[in-house]
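Here is the structure we will look at.
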Amino acid sequence: MKKSGCFAFNVAFSIILLSMTTSVHATSWVEIDPQELVDRADVILVGEYDFTSEPSAGEFVFQGLAFHVKTVYRGTASEEETAGIDYNDVGWAKEFQEEGGEFLLFLERSKEADFLIPIRGANGMVLMLDGEVKDPDRERKQTFESFLQSHPGKTLGVDTVKHQWDEEERQTAIPYGVITAAAGIVLCFLFFLYKIKTGGKQNGPH
């Protein structure tokens, strides 16, 4: 009887321990209103996680990974930032990026980490493919698309450099053309004077 009691206690303790372990390793995030994401975010940007980077430790379930920023819609960011991600989301997020996807992140500051984290975990990680929001929920999709359309955003990285170079080339194309034409006219005038001068010497008295 004593042995059966100990056995029952061990089984109960194991179940409790297992349930606690499961709750730690399987984070579930309650879905929130998409407009709350838009209103609450400190920084909003589009880009890709670098899953080869060394993760930065954070409290709770977040770890920080290098994030290559493509476009900034709110706040300030450099071409590479550290963005949080629930370590339980790394697997599917990595697979999505390997398929050509990227993320529209709604980030906020938190006492749990020294880096910005997506609001309510996966809620703040909106899937994008070929520049379009991919979300089966119609309301969420429309909310995010409306935000992107009303906020042109600031493009960073190679695209920005190319845009700046094209703009500078366009602005300097006319001045360079004017300078070249003026130089040609001056050279022609000098050549004309030279011909007159040399021609006068040849026709002069011997």
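Couple of notes before you dig in:
- So LYS141, is it out of contact with any helix residue (DSSP H, G or I) (no Cβ under 7 Å at 6 or more places or on another chain), crowded, with 16+ Cβ neighbours inside 10 Å and of a type in the set (D, E, K, R): yes
- Filtered by the rule that a residue be part of a loop (DSSP other than H, G, I, E, B) and under 19 Å from GLN97 (Cα atoms), the range 108-139 gives ASP130, GLY131, LYS134, ASP135, PRO136.
- Taken over the range 115-133, residues that are out of contact with any Phe, Trp or Tyr (no Cβ under 7 Å at 6 or more places or on another chain) and surrounded by 14 or more Cβ atoms within 10 Å (Cβ to Cβ) amount to 2.
- Qualifying residue in the range 29-51 (condition: in contact with a Ser or Thr (Cβ under 9 Å, 6 or more places away or on another chain), modelled with pLDDT under 95 and of a type in the set (A, V, I, L, M)): no
- Verdict on GLY131 being modelled with pLDDT of 95 or more, among the small types (Gly, Ala, Ser) and more than 16 Å from LEU37 (Cβ to Cβ): no
- In the range 86-110, of all residues being in contact with an Asp or Glu (Cβ under 8 Å, 6 or more places away or on another chain) and in contact (Cβ under 8 Å) with a residue 40 or more places away in the chain, the one that is surrounded by the most Cβ atoms within 10 Å (Cβ to Cβ) corresponds to LEU107.
- Those residues of the range 56-67 which are surrounded by fewer than 21 Cβ atoms within 10 Å (Cβ to Cβ) and touching a Phe, Trp or Tyr at 6+ places or on another chain (Cβ under 8 Å), in sequence order: SER56, GLY58, VAL61, GLN63, ALA66
- Checked against the criterion of being within 20 Å of GLU132 (Cβ to Cβ), in contact with a Leu (Cβ under 8 Å, 6 or more places away or on another chain) and among the hydrophobic types (A, V, I, L, M, F, W, C), the range 73-81 has no qualifying residue.
The values are calculated or read from the model by the stated rules, or taken from the named source; none is laboratory data. Small disclaimer: the values here were computed from a predicted structure and weren't measured. In this analysis, Cβ positions are derived from the backbone assuming ideal geometry, glycine residues included, and neighbour counts consider all displayed protein chains.
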